[in-house]
Amino acid sequence: MTTEATSTDRYLEVQRSEDFARLRRKLRNFVFPMTVAFFLWYALYVLLSAYARGFMSVKLVGNINVALLFGLLQFVTTFLIAWYYSRYAARELDPIADKIGNELGAATTTATPAAPAAEATTTTDPEAAK
Amino acid sequence: MQSHFLAAEASTSTSRTLTITLFLVFVAITLALTIWASRQTKTATDFYAGGRQFSGFQNGMAIGGDYMSAASFLGIAGLIALYGYDGFLYSIGFLVAWLVALLLVAELLRNSGRYTMADVLAFRMRQRPVRTAASVSTIVVSIFYLIAQMVGAGALVSLLLGIRPGTTFLGMDADTAKIATIILVGALMIVYVVVGGMKGTTYVQIVKAFLLMSGALIMTVLVLAHYKFNLSSLLGDAAERSGKGAAFLEPGLRYGVETASASATFYSKMDLLSLGIALVLGTAGLPHILTRFYTVPTSRVARKSVLWAIGIIGTFYLFTLALGFGAAALVGGPAITAQDKAGNTAAPQLAQALGIDYFGGETGGAVMLAIIAAVAFATILAVVAGLTLASSSSVAHDFYASVIKRGQAGEREEVRVARISAFVIGAVAIVLSIFAQSLNVAFLVALAFAVAASANLPAILYSLFWKRFNTAGALWSIYGGLAAAVILVFFSPVVSGSATAMFPDSDWHWFPLSNPGIISIPFGFLCGWIGTVISKETDADKYAELEVRSLTGHGAH
């Protein structure tokens with residue numbers, strides 16, 4: 001699994017670089033708060049289903065009640081978050097990742113899958129990690 | 001519309017023959033695809049990852065195919081048909097779960113792994129212990145899930161073909177027919193995996209997802225058209241004909257049931273919360289879903305495939321909402337429970353009712369029933385193939401190549417072992433399913449999700465995001481989460497001590513919840529943390545490599 005051409009020092013250097021810190025910050029500042037947000041939003045929905053039955057059974061239009069609307073809203077937010085993330089990633093994350101990848105050279109995200117020769121080599125030296 | 005009795009009339013002749021014919025057509029098409037795929041399968045990458053050449057849409061469909069099991073299609077439609085709103089609650093958890101996969105797991109895993117979940121977990125750890133642990137939890141999750149699907153298949157086929165106790169089918173009585181079904185399903189899944197590898201299996205998933213979505217779409221349109229696209233009157237009719245009244249449209253008939261006993265109510269509500277958490281956190285730890293991310297060329301295509309999957313799966317669950325309420329409204333609660341107490345035949349019964357309504361009486365009903373029953377078979381078959389592939393890949397790539405051969409196994413040898421493992425795992429699953437078929441195994445899917453969320457997810461997230469995480473942490477979180485989930489379920493009312501338990505006549509339960517997630521998931525995360533901090537091991541160099549590669553895609557396979 002090791003990439004032949006890239007040494008550990010090179011990875012450490014990249015990891016400490018300005019660009020990489022920016023990439024990591026932009027990724028984490030998006031995905032962590034967003035995960036907390038959708039989890040709490042979903043938890044609120046489950047908690048209301050368990051403990052706020054009176055509220056959930058309020059009818060809004062005809063037979064459509066709060067519970068159904070709340071459930072459908074979970075679908076809407078899931079679709080929206082997925083769409084928003086993909087737009088964010090394409091605009092904010094991918095360009096930095098590409099830049100770092102190009103600097104590292106060889107195979108990057110936009111490249112075709114690894115060449116057959118590289119795939120044919122056996123995995124890693126299993127105890128190499130330690 | 002009057003009530004229709006599935007087995008009694010139509011399904012005996014026309015419908016049964018047609019169902020079998022359509023199912024055989026599906027099998028013939030998928031076997032042809034599998035054989036074609038086997039000719040394109042030369043390297044280990046072809047076998048494990050389908051050559052990494054699938055497009056985002058293709059893989060999105062295949063993810064849908066792997067994910068939308070018979071439990072989703074027949075199970076959720078049935079839950080909604082019988083318990084109304086609470087069935088919907090189930091599908092929401094299954095959908096929101098995909099955000100965890102999209103935001104935290106899919107792309108980083110695709111960038112840093114190769115064939116299996118363990119590739120990422122073992123990246124910066126000592127290979128042998130971590131790969132062994134990952135292999136164990138992969139197999140446990142997959143086998144639980146497999147048995148649930150295969151036992152379900154046996155029961156469903158009898159129901160769908162109308163084979164009742166006391167009647168015979170091709171000279172077999174009902175019990176023999178169930179066993180024959182389990183063996184047939186098992187044999188086909190072994191063929192898909194052994195011959196076609198990931199490429200063949202992926203095409204099977206795509207075909208199945210297409211059929212399932214088409215079938216569900218047609219039925220949804222017909223149901224809505226019946227109510228002139230007025231959702232409110234559909235809901236009103238469903239509530240009325242369910243026999244449950246307004247409560248049918250509100251939470252609480254199935255989960256978090258309120259009873260006279262305060263403690264029973266408390267535990268019932270805790271169980272609802274526990275289920276909700278396991279559903280949302282389990283998906284991103286399911287090995288057969290994780291290996292799907294390796295079948296595309298880059299992490300960006302992996303992202304696209306998850307977006308497609310969210311769209312497809314979300315739409316499908318909206319369809320099941322219409323199907324479930326439609327079945328309650330047009331077939332009626334009593335007619336559904338008369339056929340199957342768990343409601344699993346609600347969707348096929350609805351198909352029959354719609355066919356009678358729209359397409360010329362009994363013949364139309366028989367044709368619609370046959371189409372949907374055949375789609376249900378295809379659904380079961382595709383899901384079990386995905387599970388078998390994920391577990392045999394882990395046995396060959398993680399356990400055989402890294403643990404036994406210490407990384408010295410050749411590529412051909414590894415693939416050969418993967419094929420043998422698929423055969424053995426398939427055979428074991430067949431035997432276990434035959435023994436388990438008289439037991440209530442419905443809880444096994446929930447247990448598989450709980451193990452995935454308690455054992456796999458903590459290890460994956462710590463691996464990708466926590467620099468300090470190490471071998472001991474990985475082992476603690478995997479074994480700790482796995483043990484907690486399995487032990488709690490073993491001592492829960494789903495295994496003993498209740499009328500619906502696996503062993504209803506014995507009682508050794510002390511854990512009050514049917515779903516262990518609310519305890520075992522935090523426990524898995526806690527174990528991972530404790531294991532990490534009590535071990536001195538750290539490897540900043542390997543973490544730098546993992547972090548740079550996972551975020552940038554540099555050096556991705």
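Brief remarks follow.
- Verdict on residue B:448 being closer than 16 Å to residue B:195 by Cα and either of a type in the set (Asp, Glu) or more than 14 Å from chain A (Cβ to nearest Cβ) (or both): no
- Residue check for residue B:285: away from chain A (no Cβ under 14 Å) and surrounded by 24 or more Cβ atoms within 10 Å (Cβ to Cβ): yes
- When each of A:80, A:69, A:93 is tested for being more than 23 Å from residue A:42 (Cα to Cα) and of a type outside the set (Ser, Thr, Tyr), the lone residue that passes is A:93.
- Residues of region B:257-271 that turn out to be over 13 Å from residue B:512 (Cβ atoms), within 10 Å of chain A (Cβ to nearest Cβ) and of a type in the set (A, V, I, L, M), as a count: 0
- Flag for residue A:18 being surrounded by fewer than 13 Cβ atoms within 10 Å (Cβ to Cβ) and charged (D, E, K, R): yes
- Helices (runs of 4 or more DSSP H) fully within region A:57-130 counting 2 or more residues that are within 8 Å of chain B (Cβ to nearest Cβ), at pLDDT 90 or above and touching a Phe, Trp or Tyr at 6+ places or on another chain (Cβ under 7 Å): A:66-88
- In region B:250-267, residue surrounded by the fewest Cβ atoms within 10 Å (Cβ to Cβ) [restricted to those that are at pLDDT below 90, under 26 Å from the mean Cα position of the chain (by Cα) and within 21 Å of residue B:517 (Cβ to Cβ)]: B:257
- Qualifying positions in region B:59-102 - touching a Gly at 6+ places or on another chain (Cβ under 6 Å) and either within 10 Å of chain A (Cβ to nearest Cβ) or closer than 29 Å to residue B:298 by Cα (or both): B:66, B:88, B:92, B:93, B:95
- The single condition among (1) among the charged types (D, E, K, R); (2) over 17 Å from residue B:121 (Cα atoms); (3) within 14 Å of chain A (Cβ to nearest Cβ) that residue B:507 does not satisfy is (3).
- Of all residues in region B:103-119, exactly one satisfies the criterion of being touching a Leu at 6+ places or on another chain (Cβ under 7 Å), buried (at least 24 other Cβ atoms within 10 Å of the Cβ), at the interface with another protein chain (Cβ under 10 Å from one of its Cβ atoms) and modelled with pLDDT of 95 or more, namely B:108.
- Some residue of region B:143-166 being in contact with a Gly (Cβ under 9 Å, 6 or more places away or on another chain), away from chain A (no Cβ under 14 Å) and surrounded by fewer than 22 Cβ atoms within 10 Å (Cβ to Cβ): no
- Any hit, region B:535-556, residues being of a type in the set (Phe, Trp, Tyr) and within 14 Å of chain A (Cβ to nearest Cβ): yes
- Residue selected from region A:21-38 under the condition more than 7 Å from chain B (Cβ to nearest Cβ) and within 30 Å of residue B:253 (Cα to Cα), by the criterion surrounded by the most Cβ atoms within 10 Å (Cβ to Cβ): A:37
- Evaluated against (1) over 16 Å from the mean Cα position of the chain (by Cα); (2) in a helix (DSSP H, G or I); (3) at pLDDT 95 or above, residue B:453 falls short on exactly one condition, (1).
- The requirement of being under 16 Å from the mean Cα position of the chain (by Cα) and closer than 22 Å to residue B:517 by Cβ is not satisfied by residue A:79.
- Identity of the residue in region B:228-252, in contact with a Leu (Cβ under 9 Å, 6 or more places away or on another chain) and away from chain A (no Cβ under 11 Å), that ends up nearest to residue B:341 (Cα to Cα): B:242
- Among the criteria (1) over 22 Å from the mean Cα position of the chain (by Cα); (2) at pLDDT 95 or above, the one residue B:506 does not fulfil is (2).
- Filter result for residue B:140 (among the β-branched types (Val, Ile, Thr), assigned to a helix (DSSP H, G or I) and within 14 Å of another protein chain (Cβ to nearest Cβ)): no
- Only one of B:156, B:146, B:184, B:188 that is closer than 18 Å to residue B:342 by Cα and either in a helix (DSSP H, G or I) or within 17 Å of the chain's Cα centre (by Cα) (or both): B:156
Yes/no matrix, rows are residues, columns are (1) part of a loop (DSSP other than H, G, I, E, B); (2) of a type in the set (Val, Ile, Thr); (3) crowded, with 17+ Cβ neighbours inside 10 Å:
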{"position": "B:474", "(1), (2), (3)": "no, no, yes"}
{"position": "B:486", "(1), (2), (3)": "no, yes, yes"}
{"position": "B:489", "(1), (2), (3)": "no, yes, yes"}
{"position": "B:492", "(1), (2), (3)": "yes, no, yes"}
{"position": "B:506", "(1), (2), (3)": "yes, no, no"}
{"position": "B:524", "(1), (2), (3)": "no, no, yes"}
{"position": "B:531", "(1), (2), (3)": "no, no, yes"}
{"position": "B:550", "(1), (2), (3)": "no, no, yes"}
{"position": "B:555", "(1), (2), (3)": "yes, no, yes"}
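- Boolean, residue B:313 is within 13 Å of chain A (Cβ to nearest Cβ) and among the aliphatic types (A, V, I, L, M): yes
- Residue match in region B:36-49 (condition: of a type outside the set (A, V, I, L, M), closer than 22 Å to residue B:146 by Cβ and within 14 Å of chain A (Cβ to nearest Cβ)): yes
- Number of positions in region B:376-400 that are aliphatic (A, V, I, L, M) and modelled with pLDDT under 90: 6
- Pairs where the first residue, in region B:394-406, is free of Cβ contacts under 8 Å to residues at least 60 places away in the same chain and the second is hydrophobic (A, V, I, L, M, F, W, C), C-beta under 8 Å, 6+ apart: B:396/B:415; B:396/B:417; B:396/B:418; B:400/B:409; B:400/B:417; B:401/B:409; B:401/B:417
- A single entry from B:356, B:380 fulfils the requirement of being assigned to a helix (DSSP H, G or I) and surrounded by fewer than 24 Cβ atoms within 10 Å (Cβ to Cβ): B:356.
- First in region B:188-204 and more than 13 Å from residue B:27 (Cα to Cα), second anywhere and hydroxyl-bearing (Ser, Thr, Tyr) and surrounded by fewer than 24 Cβ atoms within 10 Å (Cβ to Cβ), Cβ under 7 Å, 6 or more apart: B:195/B:38; B:196/B:38; B:197/B:41; B:199/B:41
- Considering residues of region B:75-85 that are in contact with an Asp or Glu (Cβ under 9 Å, 6 or more places away or on another chain) and part of a helix (DSSP H, G or I) only, the residue nearest to residue B:208 (Cα to Cα): B:78
The values are calculated or read from the model by the stated rules, or taken from the named source; none is laboratory data. As the structure is a computational prediction, the values presented were derived from the model and not from experiment. A quick note on method: Cβ atoms are made from the backbone with ideal geometry, for glycine too, and the neighbour counts reach across all protein chains shown.
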